[in-house]
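Worksheet for the structure shown next.
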Amino acid sequence: MQNLQTAIYIALALNFIIGFFFCLAIRNALLQVQEENRALPMATVWLLLIPVFSLIWIFIVVQRVSQSIEAELHERNFEVDEKPAYIIGMSYAVTSLIMIFPFPALLQFVFGIAGLIFFIQYWLKINWYKRILKDDADQEKTEEL
């Protein structure tokens, strides 16, 4: 029983740490977006750390982060995919939500692996957009000098 409790505490701590860095990545991406283009206040990203609530909130975060990045890229005259990172983010959100429903173990495993893959892809895509926006801002500053 003690080993199970320890394993649960470790899993919860790891989940929180990963969630913290995920929220930080989204926040850092939004920092590269001018305030008037942000469809999501940066402080609300941290609501993703609230268990259960985050299962619904992630849908809103994905949609609004996508809108924010799209608006910023348009303003900077980039060619923009419609709804940047939206499909991957929504795929992650849907698979996360599906995981709370009781399915046979094999389906749970498949949804779990798919959710993990979508989560990693979404995180990487958000970081990619952050780098694009940051590099563009740095280049503009260099050109001004």
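Of Val110, Val52, which residue is hydrophobic (A, V, I, L, M, F, W, C) and over 22 Å from Phe20 (Cβ atoms)? Full working, then the answer.
Working: Val52 fails: over 22 Å from Phe20 (Cβ atoms).
Every option except Val110 fails the conditions.
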Checklist entry - With region 33-145 as the region, which helices (runs of 4 or more DSSP H) entirely inside it contain at least 2 residues that are crowded, with 16+ Cβ neighbours inside 10 Å and in contact with a strand residue (DSSP E or B) (Cβ under 6 Å, 6 or more places away or on another chain)? => result none
Item to check | Residues satisfying the stated conditions in region 1-16, i.e. surrounded by fewer than 10 Cβ atoms within 10 Å (Cβ to Cβ) and not polar (S, T, N, Q) | outcome: Met1, Leu4
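Just so you know, all these numbers are worked out from the coordinates, no wet-lab data involved. Owing to the predicted nature of the structure, the values given are computational and were not obtained by experimental measurement. Please note: Cβ atoms are built from the backbone with ideal geometry, for glycine as well, and neighbour counts cover all protein chains shown.
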